[in-house]
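Have a look at the structure below before the remarks.
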Amino acid sequence: IAAEQRAEKALTELQEEREEAEKARQKATELADRLSEMEARQSDRGMVLTLSDVLFDFDSATLKSGANKVVNEVSAFLKEFNDRTVQIEGFTDSIGSAAYNKDLSQRRADALKRALIETGIASNRITTIGYGEEYPVATNMNEAGRQQNRRVEIVISNQNGVVSQRTE
């Protein structure tokens, strides 16, 4: 009888472990789907979400009015996947001095961090860095390109909760 009870207990534990593994697999699939919807791309550093809708006007660290939808989507994602941390990276176009642009890009990253904190995301899950005019995604020779370079990128950590530094 004791052997039967041990076998039943082991079987129950195995079933529970299988259910937990299936839940983890489903959550990972859901994570990938949600990030894909937000047009995130996988990198060595984690998932990178370039917020093309969260653009800044020239010489401004104020989020445009269209940013609310994206901020709310990112916030909902972070609330659901609360084991993840994010690094918000700010960028500018090339107009102005390098020192000024670095400061402006930091203020842009901080503006998005504040917006996420206002939606209930814990500040200790968010780091920010301003890269200034480094790492442009478009030419700075025309306004359309400069507008694309005025951006923020959110790097969502891998499961270890760490975002490694940018090297590219």
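Some observations on this one:
- Any hit, region 121-133, residues being touching a residue at least 60 places away in the same chain (Cβ under 8 Å) and either of a type in the set (S, T, N, Q) or crowded, with 19+ Cβ neighbours inside 10 Å (or both): no
- Residues that are of a type in the set (A, V, I, L, M, F, W, C) and in a loop (DSSP other than H, G, I, E, B) were ranked within region 134-168; the one that is surrounded by the most Cβ atoms within 10 Å (Cβ to Cβ) is Val163.
This table checks each residue for (1) touching a helix residue (DSSP H, G or I) at 6+ places or on another chain (Cβ under 8 Å); (2) under 20 Å from Glu39 (Cα atoms); (3) among the β-branched types (Val, Ile, Thr); (4) not assigned by TED's automatic domain parsing to the domain that holds Lys23.
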{"residue": "Gly96", "(1), (2), (3), (4)": "yes, no, no, yes"}
{"residue": "Ser105", "(1), (2), (3), (4)": "no, no, no, yes"}
{"residue": "Ala109", "(1), (2), (3), (4)": "no, yes, no, yes"}
{"residue": "Leu116", "(1), (2), (3), (4)": "yes, yes, no, yes"}
{"residue": "Thr119", "(1), (2), (3), (4)": "yes, no, yes, yes"}
{"residue": "Ala122", "(1), (2), (3), (4)": "no, no, no, yes"}
{"residue": "Gly130", "(1), (2), (3), (4)": "yes, no, no, yes"}
{"residue": "Ala138", "(1), (2), (3), (4)": "yes, yes, no, yes"}
{"residue": "Ala144", "(1), (2), (3), (4)": "no, no, no, yes"}
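- Selection status of Gly130, in contact with an Asp or Glu (Cβ under 8 Å, 6 or more places away or on another chain) and over 20 Å from Ser164 (Cβ atoms): no
So that you can scan it fast, the table gives a plain yes or no per residue for (1) on the phi > 0 side of the Ramachandran plot; (2) in a helix (DSSP H, G or I); (3) at pLDDT below 85:
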position	(1), (2), (3)
Ala24	no, yes, yes
Glu39	yes, no, yes
Ser65	no, no, yes
Tyr100	no, yes, no
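- Looking across region 53-84, the residues that are crowded, with 19+ Cβ neighbours inside 10 Å and closer than 26 Å to Glu133 by Cβ come down to Val54, Phe56, Ala61, Leu63, Ala67, Val70, Val71, Val74.
The values are calculated or read from the model by the stated rules, or taken from the named source; none is laboratory data. Predicted model, so just to flag it, every value in this text is computed and none were measured. Glycine gets a Cβ as well: all are built from the backbone with ideal geometry, and neighbour counts include every protein chain shown.
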